[in-house]
Structure formats: C-alpha cells, structure tokens
Amino acid sequence: MNSGHPFDHPLVSARYFFPRRDDCPCDLVVDRGDAALACRRRIVDPARRTVVFFHGNGEVVGDYVPDFEDMLLELGVNVVLAEYRGYGRSTGTPRMAAMLDDVVALAEALRLPPARVIAYGRSVGSIYALEWAARVGAAGLVLESGIADPLERVLLRAAPHELGVTPAELRAAAAERFDHRAKLARHRGATLILHARRDHLVDVSHAERLHAWASAPRRLELFARGDHNSVMAVNA
C-alpha cells in the first residue's frame with residue numbers, strides 16, 4: 001500500500017533505508033495492518049519517565065541491546081526501542097512518510113503520559129522523534145546526529161522526476177509532512193541536540209538549524225571528537 005506521498009516512493013525506500021533482520025527479543029508488537037512493528041520495552045518503574053528511542057536507517061533495535069539499553073536503565077528510566085517496518089523482527093517495507101503515522105500508533109499502544117516521555121532520535125530516527133514530540137507530546141526531545149531538512153536527504157538519493165513529481169510538488173509534499181521547524185515550534189518540552197562537528201554524513205549545519213528553531217529550554221552540544229555514527233561512543 002502506497003500513501004501517495006513521494007517520500008513513500010519505492011526508490012526512496014530502496015535508497016534511503018537499509019533494513020536487516022535481527023532476532024533480538026521484542027515484547028511489544030504494533031499492528032499497522034500492512035506491517036507489524038516489533039518493538040522492545042523495558043520497565044524500571046511505571047511511574048518514572050520513559051525514553052522512546054528511534055535508531056538510524058542502517059541499524060536495528062538489537063544493535064542497542066544490551067549496552068545502550070542498560071545504560072538508560074541504570075539511569076532509572078524506562079526504555080522503549082522503536083523498530084521500523086522491515087527492520088529486525090518487523091514485517092513490511094520501510095516507507096518514510098507512512099512511518100510518521102507509525103509513531104502515533106506506537107504512542108497509542110504505549111499510552112504514556114506525554115509529561116513522562118523523552119523522545120530520542122538518532123540520525124534518521126530524529127525525524128520520528130520529532131514527530132512524536134510534535135504530534136504526541138513529550139517532556140524532552142533528544143536529537144543525536146539529527147536532520148533539519150529531510151528533503152535535502154531525499155534529494156541526495158532521488159531526483160523529483162524519478163519520483164514522478166516536479167521540484168515544486170516535491171517541496172510542497174515535504175513542507176506538508178516534514179517541516180521540522182514547524183514541528184519544533186509545537187514541541188513545548190526541553191530539547192537537547194548532540195552532533196559531531198566533523199559529521200561527514202549529516203553536516204553540523206543541521207544541528208545548528210535545529211537548535212535555532214527549538215524553543216527554550218534548549219541546549220546544543222557540538223563534539224570535537226567522533227563522527228556521525230560515533231558521537232556517543234567516543235564522548236559518553
């Protein structure tokens with residue numbers, strides 16, 4: 001099933017997403033009709049805050065178990081590791097725009113009070129953490145190696161004519177569903193932005209734009225060490 005949004009075109013799915021199978025145990029399955037999302041949930045105390053984490057496009061939930069998951073649990077927060085269509089144990093095919101609605105479906109399955117949620121997105125996951133913050137609500141938002149303008153990323157991989165639209169139509173479609181400036185304006189919680197100064201995949205201007213668009217309280221941490229995939233590993 002295709003939503004009709006050009007970001008859901010099969011070329012975008014093939015060129016921007018790199019799913020792989022993984023057998024990491026996942027105890028929370030979200031039925032989306034055309035896909036089943038196999039997510040992972042660990043509870044320390046239901047009354048405490050929960051970090052909902054969205055990983056990058058070349059990763060799976062299992063890459064964050066046990067080290068990252070244990071680190072968060074030791075901080076005393078509950079953890080939900082969100083999985084995408086076609087990744088890990090999930091079924092379906094990644095579709096960039098449809099996955100925005102998957103975020104809301106996950107939130108409805110979890111039924112967490114927004115005041116007790118921290119949405120955390122890494123790389124492509126920043127798109128979906130921002131969607132959670134804007135549409136569901138969150139006390140905090142963490143964007144690691146995040147993306148300010150998804151249209152820029154799509155245009156690196158596909159030309160408008162390949163997606164069956166004009167440049168103007170593609171810009172309009174991006175503005176309709178992927179306007180990160182507008183989404184940050186709707187987010188009322190705190191925002192933390194983490195980025196490597198020498199990120200060779202998503203340059204540091206993305207972090208600077210995200211910070212400029214975020215409302216207070218906001219914080220920008222730019223790291224001299226590390227790259228796109230190693231910010232946490234070398235600076236933790």
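Figures for the structure shown
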item: R48 vs. criteria closer than 23 Å to A138 by Cβ, surrounded by fewer than 18 Cβ atoms within 10 Å (Cβ to Cβ), in contact with a strand residue (DSSP E or B) (Cβ under 7 Å, 6 or more places away or on another chain) and among the charged types (D, E, K, R); result: yes
item: Helices (runs of 4 or more DSSP H) enclosed by segment 169-236 - at least 3 residues per element that are of a type in the set (S, T, Y); result: none
item: Hits in segment 33-44 (condition: of a type outside the set (V, I, T) and surrounded by 15 or more Cβ atoms within 10 Å (Cβ to Cβ)); result: A35, A36, L37, A38, C39, R40, R41, R42
item: Flag if L222 is touching a His at 6+ places or on another chain (Cβ under 7 Å), surrounded by 13 or more Cβ atoms within 10 Å (Cβ to Cβ) and aliphatic (A, V, I, L, M); result: yes
item: Only listed residue being without any contact (Cβ under 8 Å) to a residue 12 or more places away in the chain, buried (at least 16 other Cβ atoms within 10 Å of the Cβ) and farther than 23 Å from L106 by Cβ, chosen from D203, D149; result: D203
item: Positions within segment 91-101 being within 10 Å of A35 (Cα to Cα) and either aromatic (F, W, Y) or without any contact (Cβ under 8 Å) to a residue 60 or more places away in the chain (or both), in sequence order; result: T91
item: Among the candidates E176, E208, E152, residue that is more than 26 Å from S230 (Cβ to Cβ) and not hydrophobic (A, V, I, L, M, F, W, C); result: E176
item: Subset of segment 180-192 [surrounded by 17 or more Cβ atoms within 10 Å (Cβ to Cβ) and of a type outside the set (G, A, S)]; result: H180, K183, L184, H187, T191, L192
item: When residues of segment 102-117 are limited to those that are among the charged types (D, E, K, R) and free of Cβ contacts under 8 Å to residues at least 40 places away in the same chain, the one farthest from A14 (Cα to Cα); result: R111
item: Within segment 112-143, considering residues that are surrounded by fewer than 23 Cβ atoms within 10 Å (Cβ to Cβ), part of a loop (DSSP other than H, G, I, E, B) and at negative phi, the one nearest to the chain's Cα centre (by Cα); result: A139
item: Whichever residue in segment 1-32 is surrounded by fewer than 18 Cβ atoms within 10 Å (Cβ to Cβ) and over 22 Å from R89 (Cβ atoms) and, among such residues, is nearest to the chain's Cα centre (by Cα); result: R15
item: Only one of V52, V29, V12 that is within 18 Å of S126 (Cβ to Cβ), in a strand (DSSP E or B) and β-branched (V, I, T); result: V52
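One line per residue, one yes/no per condition, for (1) in a helix (DSSP H, G or I); (2) within 18 Å of S123 (Cβ to Cβ); (3) out of contact with any strand residue (DSSP E or B) (no Cβ under 7 Å at 6 or more places or on another chain); (4) at pLDDT 95 or above:
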{"residue": "D63", "(1), (2), (3), (4)": "yes, yes, yes, yes"}
{"residue": "L73", "(1), (2), (3), (4)": "yes, no, no, yes"}
{"residue": "G76", "(1), (2), (3), (4)": "no, no, yes, yes"}
{"residue": "L81", "(1), (2), (3), (4)": "no, yes, no, yes"}
{"residue": "P94", "(1), (2), (3), (4)": "no, yes, yes, yes"}
{"residue": "D101", "(1), (2), (3), (4)": "yes, no, yes, yes"}
{"residue": "A109", "(1), (2), (3), (4)": "yes, no, no, yes"}
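The values are calculated or read from the model by the stated rules, or taken from the named source; none is laboratory data. All of these numbers come straight from a predicted model, not from anything done at the bench. Every residue, glycine as well, gets a Cβ built from its backbone with ideal geometry; the counts of neighbours run over all protein chains shown.
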